[in-house]
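So the structure is just underneath, and the comments pick up after that.
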Amino acid sequence: MCLIELNVCILFDIYAGMMFFLPVATFYICYWYVFVEKTNPDAWAGGAAVIVANLVLAHYVVTAFAEDDDEVSDKDNDQYGPRTGVFKQRTD
């Protein structure tokens, strides 16, 4: 069970699957169909797979930053952020 929100886990699982499937599929599609006439089709197909993997990763980062922030309770915070170290008030 995921301790964080379910939609975050689902989104991560989708992108993890895309990080595996899309570069592999891109490599074989480019190797067998796109770069057949090149002298080193495996190098060109590998480069295309790397580009696709980077695009998936960049899209994941953009989607992660676009999510709404969680509401933070202001009980232990002030205007500059959470109190830490010597500024934190002990409760015990």
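The values are calculated or read from the model by the stated rules, or taken from the named source; none is laboratory data. All values reported here derive from a predicted model rather than from experimental measurement. Using ideal geometry, Cβ is built from the backbone for each residue, glycine included, and neighbour counts are taken over all protein chains shown.
Brief remarks on what is shown
- Some residue of the range 45-68 being outside any helix (DSSP H, G or I) and either in contact with a Cys (Cβ under 6 Å, 6 or more places away or on another chain) or modelled with pLDDT under 90 (or both): yes
- Among residues of the range 1-35, those that are β-branched (Val, Ile, Thr) and exposed (fewer than 11 other Cβ atoms within 10 Å of the Cβ), counted: 1
- Counted residues, the range 29-69 - those being under 26 Å from Ile14 (Cβ atoms) and in contact with an Asp or Glu (Cβ under 9 Å, 6 or more places away or on another chain): 1
- Within the range 31-46, residues that are over 20 Å from Phe21 (Cα atoms) reach no partner that is outside any helix (DSSP H, G or I) with beta carbons closer than 7 Å at six or more positions or on different chains.
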